[in-house]
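**Student:** Here's a structure for you.
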Amino acid sequence: MNAEEIEQVLRAWCEERGHVISGIGEVSEPVAALLLGVSAAALRLWINEGRSPLQPTRRYARHRWYPLHTIAAFLADSEKDAQHGLD
């Protein structure tokens, strides 16, 4: 799947489970962590250590928000890397 298709799947997943997607297409840190399959603490640690594949676009009241399109792009790239490893 390409990044646009993955973003549609992520958006549907969030909506089905009642997770908030901001008007500009961002999700909170706990939701971003769920989508990536890691804990929010791990995602925060990666950012603090400069090892995160993603960066939050904004912080509001100590909450970090991540654009769905960047999460989708990261997952699409990871999927491509995994496919190349199987060749």
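None of the figures in this text is laboratory data; all of them are computed from the coordinates on show. None of these values were measured; they are calculated from a predicted model. Because the Cβ atoms are built from the backbone with ideal geometry, glycine has one as well, and the counts that use them run over all protein chains shown.
**Student:** Which order do peptides 62-74, 42-54 fall in by mean Cβ count within 10 Å, highest first?
**Tutor:** Numbers: 62-74: 18.4, 42-54: 13.5.
Packing proxy ranking, top to bottom: 62-74, 42-54.
**Student:** Follow-up question, since we're still on this one. Given a cut-off of under 8 Å on Cα pairs at least six residues apart, what relative contact order in percent is computed for region 3-79?
**Tutor:** Numbers: 86 pairs, mean separation 30.5, N = 77.
Relative contact order comes out at 40 percent.
**Student:** Follow-up. Have a look at region 3-79 and give its Rg and Dmax from the Cα atoms, expressed in angstrom.
**Tutor:** 11.6, 33
**Student:** For region 1-42, just say rounded, prolate or oblate: build the C-alpha gyration tensor, square-root its eigenvalues into a ≥ b ≥ c, call rounded for a/c under 1.5, and beyond that prolate if a/b exceeds b/c, oblate if not. Please list the in-between numbers first.
**Tutor:** On the way: a/c = 1.76, a/b = 1.26, b/c = 1.39.
Cα axes put region 1-42 in the oblate bin.
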